[in-house]
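K.L.:
Below you'll find the structure I mean.
Coordinate-derived values only; no laboratory data. Everything numeric here is computed off the predicted structure, so don't read it as measured data. Note that we place each Cβ from the backbone using ideal geometry, even for glycine, and neighbour counts take in every protein chain shown.
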Amino acid sequence: MFSGDPPATPLLGDFLAAEHGSVLDAMADWVRIPSIGAQPVHHRDVAVSAEWCAERMAAAGLEHVDVLSTRGHPAVYGDWLHADGALTALVYGHHDVQPVDPVDEWHSPPFEPTVRSGRMFGRGASDDKGQVLCHLEAIRGLLGGQGPGALPVNVKVLVEGEEETGSPHFESLLDAERERLACDVVVVSDSSMWAADVPSISTGMRGLVAFDITLRTAGRDLHSGVFGGAVPNAAHWAARLVAALHDGAGRVTLPGFYDDVRPLTAADRADMATLPLDEAAWAAAASVTCLEGEAGHSLLERLWARPTCDVTGLHSGYGGAGFKTIIPGSAGAKVTFRLVPDQSPAAVATAFEAWAPAQVPAGVHLEIHREAAIGPALTPTGHPAVAALARAISRVWGREPLFTRSGGSGPEEALGRRLAAPVLHLGVGLNADRIHAPDEGVDLDQVGRGVLAALPC
Ligand SMILES: [Zn+2]
């Protein structure tokens, strides 16, 4: 994959032309398995999905295929290690998917994959089963019947089962399987491109820390006539607490929050400037009618290179029909921070856990649970593997890829750190894929190009 200049891909092109139907069938079969990691009712399905993946790996010609159990959902591993002297690439993806709510907003049922207008719709079609299949099918094309029976590099494939639930056991898995997973480069297949006609390589992901906060002002809800005016109201204090997270310029008020943020280089800014961004269209695609954010930074800087804080849930009191005359005795808030290099999740978490209690008076009790901590990741763009990936993309898409980043977070930082290897992204998702939302789908042309770019032949 990364050795020298890859020639054209007639072989995988022929494979794809002949096997197009079976690639689609495989995708549909996998998407049909409702492997929602977050919901206990679907835990068995995540295991079924892992078994399906293992079978597909074996069918592709991978060896040492193994379902790796964790304390949570299983991952799947397979390898092909006969390219003597060539480097070893570890392909990473995941087979668990997000919940499907609100299910009545889907135009076709989330686990009944349907092809419309060149897209396959279904939960997981883009994130991440379709993207993982690009690699598995390329491997099948090269190792299977008509293929040369060999790959140009040594390949290890690791498909996680807990990405959508924050990869809680992934680091211990990486640690336990250190030797089996050793590699020269990691290729992550769980990201998106700028547009189908503007291929791009993501070179960074933000980190994340998340908190679940419970705030109590009384042992129970109280009658607002009998007690109103004389007791603290949990809803009011929760609102004050979350309102205090930002100042008027959109900056996070947590002390020291920006101290370790690595400034953008001139090259970073130049890369961002080459991207064809239409802010109005971007806003429309996000279904918003105005944009906001940290003052003094462009839209792309805010998304990719600046840390953020968002309240992702806020609940207190009565939310049903009509009204109820109570003073809520408790409130809950979900708060997440997205982090950028060189912020430390642990340092931000510690700062937040000290800051929040200081925002409320004695008598307002806070319980703060840390839910997730993921470090930010950056690809070393000068690495020769990045140049090789760019050549493979140019060859297949017919255009030099641009460099982007992703505002999201995943286990990429842990992969790079634990395996001591550069982390590259070969993702074929598009913004239009509506991942995590109703009507998730994947562009089938992108999947085909992903197969061609996965391994040069
Ligand atoms: Zn994903």
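K.L.:
Place a label point 7 angstrom from the Cα of Ala182 along the Cα-to-Cβ direction, then list the residues of the stretch 72-87 whose backbone nitrogen is under 18 Å away.
P.N.:
The answer is 78-87.
K.L.:
If you don't mind, another one. Once R0 is set to 45 Å, what does the formula 1/(1 + (r/R0)^6) return for the Cβ-Cβ distance between Ala249 and Ala58, expressed as a FRET efficiency to the nearest 0.05?
P.N.:
Taking R0 as 45 Å, the efficiency between Ala249 and Ala58 is 0.20.
K.L.:
Next question. Below 8 Å between Cα atoms, with a sequence gap of 6+, how large is the relative contact order for the stretch 33-147 in percent? Please list the in-between numbers first.
P.N.:
Values: 157 pairs, mean separation 29.3, N = 115.
Reported relative contact order: 25 percent.
K.L.:
Enumerate the amide H contacts of Gly207 below 5 Å, restricted to partners 5 or more residues apart or on another chain; note that Pro and chain-start residues carry no placed amide H.
P.N.:
So Gly207 has HN proximity to Leu339, Val340, Ala377.
K.L.:
Read phi for every residue in the stretch 372-377 and hand back ³J(HN,Hα) as whole Hz from Karplus 6.51 cos²θ - 1.76 cosθ + 1.60, θ = phi - 60°, with x for Gly and Pro.
P.N.:
7, 8, 10, x, x, 10
K.L.:
For the chain, what is the mean residue ellipticity at 222 nm derived from helices alone (per DSSP H run of n ≥ 4: -39500 (n - 2.57); sum divided by total residues; nearest 500 deg cm²/dmol)?
P.N.:
That calculation yields -9500 deg cm²/dmol at 222 nm.
K.L.:
Something else: Taking K and R as +1 and D and E as -1, what net charge do the other residues with C-beta under 12 Å from the C-beta of Val187 add up to?
P.N.:
Once positives and negatives cancel, what remains is -2.
K.L.:
With a sphere of radius 12 Å drawn around the Cβ of Ile139, what net charge do the other residues whose Cβ falls strictly inside it have (Lys, Arg +1; Asp, Glu -1)?
P.N.:
0
K.L.:
Mind running the shape call on the stretch 1-156? Use the C-alpha gyration tensor, a ≥ b ≥ c as the square roots of the eigenvalues: rounded below 1.5 for a/c, prolate if a/b tops b/c, oblate otherwise.
P.N.:
The shape class here is oblate.
K.L.:
What's log10 of I(q)/I(0) for the chain at q = 0.11, 0.14 Å⁻¹, Debye sum over Cα points only, no solvent?
P.N.:
Results for the chain at q = 0.11, 0.14 Å⁻¹ read -0.91, -1.38.
K.L.:
For the stretch 277-420, report the convex hull volume of the alpha-carbon atoms normalised per residue, in Å³, without decimals. Display every interim value, and only then the final one.
P.N.:
Numbers: hull volume 29.2 nm³, N = 144.
Dividing the Cα hull volume of the stretch 277-420 by its residue count gives 203 Å³.
K.L.:
Per Stokes-Einstein, at 37 °C and 0.692 mPa s, what whole-number D in µm² s⁻¹ belongs to the stretch 114-227, with the Kirkwood radius over Cα pairs as the hydrodynamic radius?
P.N.:
Reported coefficient: 172 µm²/s.
K.L.:
Kindly work out what percent of the DSSP beta bridges joining two residues of the stretch 79-187 are antiparallel, to the nearest 5.
P.N.:
Close to 35 percent.
K.L.:
In debye to the nearest 20, how big a dipole does the stretch 373-457 give about its Cα centre with +1 on each Lys and Arg Cβ and -1 on each Asp and Glu Cβ?
P.N.:
360 debye
K.L.:
Quick one: length gained pulling Ala420 to His107 fully straight, 0.36 nm per residue minus the C-alpha distance?
P.N.:
Using 0.36 nm per residue and subtracting the Cα-Cα distance, I get 108.3 nm.
K.L.:
Find how much the distance from Ala270 to Phe227 grows on full extension, using 0.36 nm per residue of separation minus their present alpha carbon separation; answer in nm with one decimal.
P.N.:
Details: separation 43, 0.36 × 43 = 15.48 nm, distance 6.00 nm.
Between Ala270 and Phe227, full extension yields an extra 9.5 nm.
K.L.:
Continuing with the same structure: Output the relative contact order of the chain, whole-number percent, from Cα pairs under 8 angstrom with separation of 6+ residues.
P.N.:
Dividing the mean separation by the residue count of the chain yields 27 percent.
K.L.:
Using Cβ counts within 10 Å as a stand-in for footprinting exposure, how do Cys183, Cys290, Cys53 rank, fewest first?
P.N.:
Listed from fewest to most nearby Cβ atoms, that is Cys290, Cys183, Cys53.
K.L.:
Right, here's the next one. Give me Thr70, Thr265 ranked fewest to most by other Cβ atoms within 10 Å of their Cβ, as a rough exposure proxy.
P.N.:
Thr265, Thr70
K.L.:
In percent, what relative contact order does the stretch 209-346 have, based on Cα pairs under 8 Å that are 6 or more apart in sequence?
P.N.:
Relative contact order of the stretch 209-346: 47 percent.
K.L.:
Here is a further query. R0 = 51 Å: FRET efficiency of Glu400 with Asp212, Cβ-based, nearest 0.05?
P.N.:
Once rounded, the FRET efficiency stands at 0.70.
K.L.:
Need the full-extension length gain, Ala437 to His43, defined as separation in residues times 0.36 nm minus the C-alpha distance. One decimal, nm.
P.N.:
Working it through step by step, the gained length comes to 139.8 nm.
K.L.:
Now for a different question. Filter the GluC sites (Glu not before Pro) in the stretch 230-324 down to the DSSP loop ones having no more than 10 other Cβ atoms within 10 Å, then list what survives.
P.N.:
Glu292
K.L.:
For the stretch 403-419 and the stretch 142-163, what is the separation of their Cα centres, given in Å?
P.N.:
After rounding, the separation between the Cα centres reads 22 Å.
K.L.:
Take the alpha carbon gyration tensor of the stretch 413-457, find the square roots of its eigenvalues, order them as a ≥ b ≥ c, and report rounded if a/c is under 1.5; if not, report prolate when a/b exceeds b/c, else oblate.
P.N.:
Numbers: a/c = 4.33, a/b = 1.38, b/c = 3.13.
Oblate, because a/c is 1.5 or more while a/b does not exceed b/c.
K.L.:
Against the longest alpha carbon principal axis of the chain, how many degrees, from 0 to 90 and to the nearest 10, is the axis of helix 234-243 turned?
P.N.:
50 degrees
K.L.:
Above 17 Å lies some portion of the pair distances; for the stretch 90-146, what is it as a whole percent of all C-alpha pairs?
P.N.:
Considering the stretch 90-146, 50 percent of its Cα-Cα pairs are separated by more than 17 Å.
K.L.:
May I ask you to sort Thr165, Thr350, Thr203, Thr289 by Cβ crowding, counting other Cβ atoms within 10 Å and putting the fewest first?
P.N.:
On the way: Thr165 18, Thr350 13, Thr203 21, Thr289 8.
Arranged by neighbour count, lowest to highest, Thr165, Thr350, Thr203, Thr289 become Thr289, Thr350, Thr165, Thr203.
K.L.:
Counting Lys +1, Arg +1, Asp -1, Glu -1, what net charge surrounds Ile393 among other residues with beta carbon under 11 Å of its beta carbon?
P.N.:
In short, +3.
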